[in-house]
Amino acid sequence: MKLKPIEEALKSRILILDGAMGTMIQQYKLEEADYRGTRFADWHMDIKGNNDLLVLTQPDMIGEIHEKYLAAGADILETNTFNATSIAMADYDMQSLVYEINLQATRLAKQACEKYSTPERPRYVAGVLGPTNRTASISPDVNDPGKRNVTFDELVEAYEEATQALMEGGADIILIETIFDTLNAKAAAFAVENVFEKRGQSLPVMISGTITDASGRTLSGQTTEAFYYSLRHIKPLSFGLNCALGPDLLRQYVQELSDVCECAVSAHPNAGLPNEFGEYDMDGEEMAVHIREWADAGLLNIVGGCCGTTPEHIRILADAVAGKAPRVPPRLPVKLRLSGLEPFVQ
């Protein structure tokens, strides 16, 4: 089925992104042998926790999770590729599997979307590029401020490999998400545009950053507005915030983004803050109270869930924004808009 452009859908309603893949995987209570399957039974190190690998060893389970989110009302399905870069996969010595994992993950999501898509309501696959487990802006050694554990070029190379596979697998969107370091995000955006040029094909790009605490800044120190100005040049389909905070604490930053963002605004917050056991206690109804108000205030174009959210959360959020008008981007005066840690508008 040929999909209608997602830009058309964004003009007519608030679109629903899926919820947390990791939260759902935890419910299956997998052990080391489940992660290994038969193919990796003799792998030379522990691989429990490598959730991205499950697209190869437990594809039916990943497909089932995707379908649960689609049945709950998701319009956009994220691939299970959050850590599927050569940089992150080095933790398991599985760099050689990166292309295959991204390719298979996209195909699984595509199969699920094709099963649920209709001409009136197409479903879209967002190929996920996660932040990696390295930061290009911050030293890992407090005694050596100039030290870095990854370079910009290394990030670009890793992201290009993943993007190629996501596109080959049939992704409809590229989602650069959970950004804590703007320089990592710039490397991802640069890599994506390089792949678009090489393939002679481009896709819509979603960008979503993370406000790490009550300071209202990313880990690399930028405010929400400055973060947006740092990446607006790639003309993304949407710009948003996810993870770290629940909807109660994230609202002011979504408002800040909505006021200046010339494209669609997305948000997929956590189900509150983790408790002392690392679990998330905010249920869908409580999240919906906040999300409904965001929609009424005209802040949203795309909404979903991050850590702690399940298909039930997504079903309730979808109901909460059903029939509500999507946000209309502001028409801003032409000005010089620059960014350091703070925005500079002249």
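General remarks:
- Surface composition of the chain: carbon plus sulfur atoms contribute 50% of the solvent-accessible area (1.4 Å probe, protein chains only, all chains present).
- Relative contact order (percent, whole number), the stretch 210-346, Cα cutoff 8 Å, 6+ residue spacing: 27 percent
- Of K115/K324; K147/K198; K29/K115; K4/K335; K11/K324; K186/K324, those spanning more than 22 Å from alpha-carbon to alpha-carbon: K115/K324; K147/K198; K29/K115; K4/K335; K186/K324
- Taking packing as the residue-averaged number of other Cβ atoms within 10 angstrom, the listed peptides 286-298, 78-90, 310-322 run from highest to lowest as 78-90, 310-322, 286-298.
- In the chain, taking the dipole from charged Cβ atoms about the Cα centre, the farthest positive-side position among N51, M282, A171 is held by A171.
- Sequence ranges 185-192, 132-139, 216-223, ranked by mean other-Cβ count within 10 angstrom, highest first: 185-192, 216-223, 132-139
- The stretch 172-295: Rg to Rh, with Rh as the Kirkwood radius over Cα pairs: 1.00
- Summed side-chain charge close to K11 - residues other than K11 whose Cβ falls under 12 Å, Lys, Arg +1, Asp, Glu -1: +1
- Within the shell of other residues whose beta carbon sits under 13 angstrom from the beta carbon of E256, the net charge comes to -1, with Lys and Arg scored +1 and Asp and Glu -1.
- Test item: Cα-centred dipole of the chain, Lys/Arg +1 and Asp/Glu -1 on Cβ, debye: 1300 debye
- At a probe radius of 1.4 angstrom, the accessible area of the chain per residue rounds to 43 square angstrom.
- Inter-centroid distance (Cα atoms) of the stretch 114-186 relative to the stretch 314-341, Å: 22 Å
- Between the stretch 1-60 and the stretch 194-239, the Cα center-to-center distance that results, in Å: 23 Å
- Length-normalised contact order of the chain in % [C-alpha pairs under 8 Å, at least 6 apart]: 19 percent
- Using C-alpha pairs below 8 Å separated by at least 6 residues, the relative contact order for the stretch 111-191 is 39 percent.
The values are calculated or read from the model by the stated rules, or taken from the named source; none is laboratory data. Here the structure is a predicted model, which means the values were calculated and not measured. Positions of Cβ are backbone-derived with ideal geometry, glycine not excepted, and every protein chain shown enters the neighbour counts. SASA here: full protein model, heavy atoms, side chains in, ligands and nucleic acids out. Shrake-Rupley method; radii C 1.70, N 1.55, O 1.52, S 1.80 Å.
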